[in-house]
Amino acid sequence: MKEPLVSVIIVTYNSVNYLKSCLNSILSTEYKNLEIIIVDNKSNDDTTSIIKSFKDKVNPFFIDKNLGYAGGNNLGVSKAKGEYIFFLNPDTLVTEDIFKFLVESLDSNSQLAVAQPAVYLMNDHKILNLTGKIINFLGFDWVRDYHKKLLPDQGEIMSFSGCGVMIKKSAFLQAKGFDENYFMYYEDSDLSWKLRLLGYKLLFVPQAIMYHDYKYIPVESYQPLKKKLFFNERNRLVTIYKNYSTKTLLLLLPAIVILEVCMLTFSLLNGWFLEKVKGYMSIINMSNDLNNNRLFIQENRKLTDKQITSDYVSELNLDIYNSSIVRLFINPFLFFYWTFVKRLI
């Protein structure tokens, strides 16, 4: 098997508890044509010391401000020499043959831009963290096959997860990379959507395996939940605005408005109403970049919304929204609305 250069990019921020083990797992793989690029988002713990201890084996970049996941990875790609980019969170471990299977898959088909490995939980190597992501037609996303044991077959997926994924550098650059306005969360779903609109396919590769110390609710001292909800809700709305055509947005507008009223009510009852409102204000402030990004996508798309959304789901299947109101009222409404509207797209 040929071994094209793979650039492994790890963005760190206060990753002292994970980084050493993560790097050692990469260096222990059987794939030898690797470069490891670390972008440190101004850590204030001993992360930088760990990076420096691997000075002969990694290519580090220490930046003076936190660029977030999106900006940090884009910077890493700008320094990368590899034909393939492997984005990896520091709270992960990879298996010895992961790169072989991912590279073989991407080499097999020019339409493939993404190879998603099977990600298991760090604390139980028999329980899945994810096999990609699921997309709801209003932009909500969540990990596929969470807490399941049965590994699905190889096949196309709606979206990849940025915790660990291999992407062809040429496709990444064609799609203009991650949207840095996102900072964190949903940038992987947005890029997945863009790549599919450009005609690329995303593949789940079950033979490629890694492990992730996944936390659905982040550690409060590291990432306050309210901050995560701010980014999630803001970036969800940005994603659907950029990637849907004007016709589809108009068809979805009643559902979008109704869901926003529900989300505002939900946020008020659960103590993050201010974050929800700040999300709207942030969208207004980024409107110039947002409209330019939307124009790029709509002018360069090769697939229709009907083709893209054929596998999108209607229901909300997130633990945080697991309530009787969602099950009895919101999900039935979304089901009937999507069943009707998707025929018109």
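Hey, could you check segment 148-177 for residues that are among the polar types (S, T, N, Q) and surrounded by fewer than 19 Cβ atoms within 10 Å (Cβ to Cβ) and say which is farthest from Y84 (Cα to Cα)?
Of everything passing the filter in segment 148-177, Q154 is farthest from Y84 (Cα to Cα).
Among the residues of segment 183-207, which ones are among the basic types (K, R) and either surrounded by 22 or more Cβ atoms within 10 Å (Cβ to Cβ) or modelled with pLDDT under 95 (or both)?
Answer for segment 183-207, where residues must be among the basic types (K, R) and either surrounded by 22 or more Cβ atoms within 10 Å (Cβ to Cβ) or modelled with pLDDT under 95 (or both): K194, R196.
Residues being farther than 17 Å from C22 by Cα and loosely packed, with under 15 Cβ neighbours inside 10 Å: count how many of those fall in segment 46-93.
Qualifying residue count, segment 46-93: 6.
Kindly establish whether A113 is within 15 Å of the chain's Cα centre (by Cα), of a type in the set (G, A, S), surrounded by 15 or more Cβ atoms within 10 Å (Cβ to Cβ) and at negative phi.
Spelling it out, A113 is indeed within 15 Å of the chain's Cα centre (by Cα), of a type in the set (G, A, S), surrounded by 15 or more Cβ atoms within 10 Å (Cβ to Cβ) and at negative phi.
So, M210, is that one under 17 Å from Y120 (Cβ atoms), in contact (Cβ under 8 Å) with a residue 12 or more places away in the chain and either crowded, with 20+ Cβ neighbours inside 10 Å or not basic (K, R) (or both) or not?
Criteria met by M210.
Pick out, from segment 1-93, the helices (runs of 4 or more DSSP H) lying fully within it that include 1 or more residues that are within 21 Å of L191 (Cα to Cα) and either among the polar types (S, T, N, Q) or within 23 Å of the chain's Cα centre (by Cα) (or both).
Details: elements: 19-27, 47-53, 68-79.
Hits in segment 1-93: 68-79.
Can D145 be described as surrounded by fewer than 22 Cβ atoms within 10 Å (Cβ to Cβ), in a loop (DSSP other than H, G, I, E, B) and touching a Leu at 6+ places or on another chain (Cβ under 8 Å)?
yes
Here is a check on your reading of the model: is T239 free of Cβ contacts under 8 Å to residues at least 12 places away in the same chain and either in contact with a Gly (Cβ under 9 Å, 6 or more places away or on another chain) or not aliphatic (A, V, I, L, M) (or both)? Steps first, answer last, please.
Working: free of Cβ contacts under 8 Å to residues at least 12 places away in the same chain: no; either in contact with a Gly (Cβ under 9 Å, 6 or more places away or on another chain) or not aliphatic (A, V, I, L, M) (or both): yes.
No: the conditions fail for T239.
Taking segment 111-135, which residues are farther than 21 Å from V8 by Cα and either touching a helix residue (DSSP H, G or I) at 6+ places or on another chain (Cβ under 7 Å) or part of a loop (DSSP other than H, G, I, E, B) (or both)?
Q111, N123, K133, I135
Inspect all residues belonging to segment 252-275 and state whether any of them is touching a residue at least 12 places away in the same chain (Cβ under 8 Å) and either closer than 20 Å to K194 by Cα or assigned by TED's automatic domain parsing to the domain that holds G177 (or both).
Yes.
Which of the residues belonging to segment 175-219 are in a loop (DSSP other than H, G, I, E, B) and polar (S, T, N, Q)?
The one that is in a loop (DSSP other than H, G, I, E, B) and polar (S, T, N, Q): N181.
Being free of Cβ contacts under 8 Å to residues at least 24 places away in the same chain and closer than 25 Å to R144 by Cβ is true for just one of N331, N291, N285, N317. Which residue is that?
Just one listed residue meets the conditions, N331.
Would you confirm whether or not segment 301-310 contains a residue that is of a type outside the set (S, T, Y), over 21 Å from K133 (Cα atoms) and in contact (Cβ under 8 Å) with a residue 60 or more places away in the chain?
The answer is yes, given that some residue of segment 301-310 is of a type outside the set (S, T, Y), over 21 Å from K133 (Cα atoms) and in contact (Cβ under 8 Å) with a residue 60 or more places away in the chain.
The values are calculated or read from the model by the stated rules, or taken from the named source; none is laboratory data. What you see is a predicted model; the values in this text were computed from it and never measured. With ideal geometry, Cβ positions are generated from the backbone for all residues, glycine too; neighbour counts draw on all protein chains shown.
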